[in-house]
Amino acid sequence: MTVKDLATLTPSGYPAVSLLMPTHRTPPENQQDPIRLRNLVAEAKRRLETDAAVPKPVAAQVYQEIADAAEQLDLRQVGDGLALFASPGQVHVRLLDTPVHERVVVADTYEVRDVVADAARRHRYWALVLSEQPTRLWSGDGPDLVEVRSHGFPFTHEGPGGTVGLPRDYGQNPSAIRDERHRQFFRDIASGLADVDALDARPVFVLGVERYLAFFADEWGRPIAGTVPGNYDHAGPHEVYKLLAPQLAAYTNMRQVAALEALDVARGANRFAAGLAEVWSLAQQGRGAHLLVEEGYHSPAWVHGDHLHPPDQEPRHDATAGSATLIDDAVDDIVEAVARNGGEVTFVGDDSLSADGRIALIVRY
């Protein structure tokens, strides 16, 4: 799911249950994760059964969805956090690279802020390994790659010049036939990738011998984020990531530079905001076109009506705005708000926005 998909994730109805917990990659801490998960699942059951607004059959259904999803999780293959969302007939599980506060929430909507911020910080991409036997597509999320097995992938070249020999009839040009069959093969690959990318647009990185790279580039007709020449027919996910790591770093750096240049243009046109409080207010209004945040920036804050206040300046209760609420990370709130309203989010290196209070927003109007 894209960052925007996560930000706009809608439950099928009441109740919408959000279960979030920190997880651990290594022992001895990870030995407690199964126990903590069982306790949270039990807490979700208690909340559902004691909620008068939830009919008993619905409570039982949603609890079973949560219990089944938790049972299928392999807690040996996790990152730093886990999010599980469930509503009648619907369940979503997300493994996170950032820790979360442990909690179970039963409400009308899902608690997606932490998940959206985590997704925005991650680098997702398609890795296409060109080969006749076969061409494989990998879904990349940082160092984690999962092979795509849909939309025709993996593709195997079965025509003349592939699994079928080239014709030897008098008057025919085997090389021309081979080239045309290769073009058709890579045309099919480009079509399959276009279908996948239409569902989840990401930068595309391509690995393969020079000849295949040229055929694919002609048929793809779109920008390619990076290429790695060579024969990688038998490369596994770890090798593919290792080969792509320099390309991914270069692409990330290029995006950061482009975002900072766009911010300079917006600054000259007076279409930008800087600083946590001002950016938070405009993001909540849906005016954020492109958010830039330093990678390591996190900050708690008080929310009082339509305004944000520093964590050490708790606003007084008043009749108009009521009491203030302390949120643990206003940056994550801003990321969610911008993504929910269709804006772009780019994380840049620390100190890149030191003159802007570590966070800046290009506004739509």
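The values are calculated or read from the model by the stated rules, or taken from the named source; none is laboratory data. The structure presented is a predicted model; accordingly, all values stated were derived computationally and were not measured. Note that we place each Cβ from the backbone using ideal geometry, even for glycine, and neighbour counts take in every protein chain shown. Ligands, DNA and RNA are stripped out before the accessible areas are found, and what is left, the full protein with its side chains, is counted by its heavy atoms. Shrake-Rupley method; radii C 1.70, N 1.55, O 1.52, S 1.80 Å.
For segment 11-60, the tally of residues that are in contact with a strand residue (DSSP E or B) (Cβ under 9 Å, 6 or more places away or on another chain) and in contact (Cβ under 8 Å) with a residue 40 or more places away in the chain stands at 23.
Within the set Gln247, Gln256, Gln284, the sole residue that is over 20 Å from Val3 (Cβ atoms) and polar (S, T, N, Q) turns out to be Gln247.
Considered as a group, the residues in segment 77-106 that are in a loop (DSSP other than H, G, I, E, B) and either among the aromatic types (Phe, Trp, Tyr) or in contact (Cβ under 8 Å) with a residue 60 or more places away in the chain (or both) include one that is most open to solvent (accessible area, probe 1.4 Å), and that residue is His101. Pairing each residue of segment 294-312 that is part of a loop (DSSP other than H, G, I, E, B) with any residue that is acidic (Asp, Glu) and surrounded by fewer than 13 Cβ atoms within 10 Å (Cβ to Cβ), provided the two are 6+ apart or on different chains, yields C-beta distances under 7 Å for Glu295/Asp350; Gly296/Asp350. What tally of residues in segment 324-344 results from selecting those that are open to solvent by 30 Å² or more (accessible area, probe 1.4 Å) and in contact with a Pro (Cβ under 9 Å, 6 or more places away or on another chain)? Within segment 324-344, residues that are open to solvent by 30 Å² or more (accessible area, probe 1.4 Å) and in contact with a Pro (Cβ under 9 Å, 6 or more places away or on another chain) number 2.
Condition check ((1) closer than 25 Å to Val3 by Cα; (2) surrounded by 13 or more Cβ atoms within 10 Å (Cβ to Cβ); (3) of a type in the set (Ser, Thr, Tyr)) across all residues:
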site: Leu263; (1), (2), (3): yes, yes, no
site: Ala266; (1), (2), (3): yes, yes, no
site: Ala273; (1), (2), (3): yes, yes, no
site: His317; (1), (2), (3): no, no, no
site: Thr320; (1), (2), (3): no, no, yes
site: Thr346; (1), (2), (3): yes, yes, yes
site: Gly349; (1), (2), (3): yes, yes, no
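Can you find even one residue in segment 15-29 that is open to solvent by 60 Å² or more (accessible area, probe 1.4 Å) and not in a loop (DSSP other than H, G, I, E, B)? Taking every residue of segment 15-29 in turn, at least one turns out to be open to solvent by 60 Å² or more (accessible area, probe 1.4 Å) and not in a loop (DSSP other than H, G, I, E, B). Hey, among Val240, Val303, which residue is closer than 30 Å to Gly322 by Cα and either surrounded by 16 or more Cβ atoms within 10 Å (Cβ to Cβ) or among the aromatic types (Phe, Trp, Tyr) (or both)? Criteria check complete, one pass: Val303. Among residues of segment 244-265 that are more than 18 Å from Arg358 (Cα to Cα), those with a Cβ under 9 angstrom from a residue that is in a helix (DSSP H, G or I), sequence gap 6+ or separate chain, pair up as Leu248/Tyr241.
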